Amino acid sequence: MIRRLLLTLLIGLTAAPSMLLAAEQPADEALLFTSFRGNGEDGLRLAYSEDGYHWTDIPGTFLKPNAGSGLMRDPSLARGPDGTFHLVWTTAWRGDNGFGHASSKDLIHWSDQQFVPVMEHEPTTVNVWAPELFYDGRNKQFVILWASTIPGRFPDHQEETNNNHRMYSTTTKDFREFAPTELFLDPDFSVIDCTIVRRGEQDYVLVLKSNTRPERKLRVAFGDNPLGPWHDMSPPFTKHLTEGPTVARVGNDWLIYYDSYGDGTYGAARTRDFKTFEDVSDQITLPEGHKHGTICPVPRSQLDVLLKHAQAAAASAPSDSSAAQDSP
């Protein structure tokens, strides 16, 4: 009997890290990962995970884009205090001066899509890329940040003048009225793909992509307000040609997922303090074709409803398999 107990304990201590972490996840919560396919014509895709490491595709497309130029890239999802989900996304590579937005109570039925022209006051703006949502509970508002290039506004250094980004932001309480756009981050180099992580009441981390030509890697910075200022920027902690970070709390750790577009894979780094990082890319699995979005915690009951809906929709879909294939 004692030998059996010791063997059970030994198995538990030597289990894979993801197995140990899975046991620490709230039983009533799961994780959703937003995604898109192709160039973004397809619409919103979703994957889910119960341990933060292994992701399963949810069949189907959940929102077809029609805002702005009609693409849906970099979808960012956040749940407000009233339970409503809000989604923002990139509507075009270049030319559009804003981003798309829609909301949903169940991720199945969506509001009308709106185009939010946050850079219309800057007529030479080249792009509005990867809008990212963050709910600021202290001030009871959503923060939305994105990358834009305004030619000639900042020193180009090694960047082309039409590809020299800085981060901008706005805030809103209701997605009808938006605060004036402000400069969010100027680290004196081209920067895109920022995401805010709340660690404590007044303790925030910003994960960002240095988009400078020699670098194009991920870094972190720290602050006591989700709108900055940000300080103590770290050296890069990912390899060359990585972008699109999103962060999930898994047990006592943080997992930073990112698109390793240089080699066509997805990667992840694990950290507890955002100062030391462990590459755990070989411990994660994602659906084929997944492209970067954001990870959002959801009630398990809500995920169950979503999965049943997706299964029913798949069962009633035309038998012609070509109709369900991704856009090239």
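This table checks each residue for (1) part of a strand (DSSP E or B); (2) closer than 26 Å to residue 105 by Cβ.
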residue: 219; (1), (2): yes, no
residue: 236; (1), (2): no, no
residue: 266; (1), (2): yes, no
residue: 288; (1), (2): no, no
residue: 297; (1), (2): yes, yes
residue: 303; (1), (2): no, yes
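Total residues in the range 158-186 satisfying the condition of being more than 28 Å from residue 87 (Cβ to Cβ) and out of contact with any Ser or Thr (no Cβ under 7 Å at 6 or more places or on another chain): the figure is 2.
Residue 100 satisfies every condition listed in (1) in a loop (DSSP other than H, G, I, E, B); (2) more than 23 Å from residue 29 (Cβ to Cβ); (3) under 19 Å from the mean Cα position of the chain (by Cα) except (1). Among the residues making up the range 29-61, those that are closer than 19 Å to residue 132 by Cα and either aliphatic (A, V, I, L, M) or part of a loop (DSSP other than H, G, I, E, B) (or both) are 31, 32, 36, 37, 39, 40, 43, 44, 46, 47.
Here residue 69 fulfils each of the conditions (1) modelled with pLDDT of 95 or more; (2) buried (at least 19 other Cβ atoms within 10 Å of the Cβ); (3) farther than 23 Å from residue 105 by Cβ apart from (2). Scanning the range 264-279 for residues that are surrounded by 18 or more Cβ atoms within 10 Å (Cβ to Cβ) and in contact with a helix residue (DSSP H, G or I) (Cβ under 9 Å, 6 or more places away or on another chain) gives 266, 267, 268, 269, 270.
Out of the range 186-200, which residues are under 19 Å from residue 78 (Cβ atoms) and outside any strand (DSSP E or B)? Across the range 186-200, there are no qualifying residues.
Residue-by-condition table, conditions (1) part of a loop (DSSP other than H, G, I, E, B); (2) in contact with a strand residue (DSSP E or B) (Cβ under 6 Å, 6 or more places away or on another chain); (3) buried (at least 22 other Cβ atoms within 10 Å of the Cβ):
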| residue | (1), (2), (3) |
| --- | --- |
| 106 | yes, no, no |
| 135 | no, yes, no |
| 169 | no, yes, yes |
| 176 | yes, no, no |
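The values are calculated or read from the model by the stated rules, or taken from the named source; none is laboratory data. Note that this is a predicted model, so its numbers are computed, not measured. We place every Cβ from the backbone using ideal geometry, glycine too, and count neighbours over all the protein chains shown.
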